[in-house]
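What follows draws every value from the coordinates through simple rules; no lab data is involved. Since we're looking at a predicted model, the values are computed, not measured. Backbone-built Cβ (ideal geometry, glycine too); neighbour counts: all protein chains shown.
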């Protein structure tokens with residue numbers, strides 16, 4: 001897994017008000033949601049990157065171009081410990 005962060009999928013592109021086909025495969029924390037690079041969100045990802053294990057849910061507020069989106073984040077490692085799923089649900 002890249003050290004800079006995961007790669008986005010269509011749902012995150014929609015939440016960020018971006019065209020999904022233009023964001024699929026982009027670095028989530030650096031190119032899609034740099035606002036998520038704080039201690040809580042990015043910190044959980046870093047823990048996963050170090051240990052290969054994560055299963056955490058938390059509330060988060062994305063701020064993008066003056067529009068806030070309240071979401072619930074569920075970050076869960078895949079069984080192989082090499083990747084993690086990032087579920088984002090608007091609340």
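Structural remarks
- Site pair residue 83 and residue 49 shows an inter-label distance of 1.8 nm when each label is modelled 7 Å from Cα along Cα→Cβ.
- Extension gain, residue 58-residue 30: 0.36 nm per intervening residue step, less the Cα-Cα distance, totals 8.0 nm.
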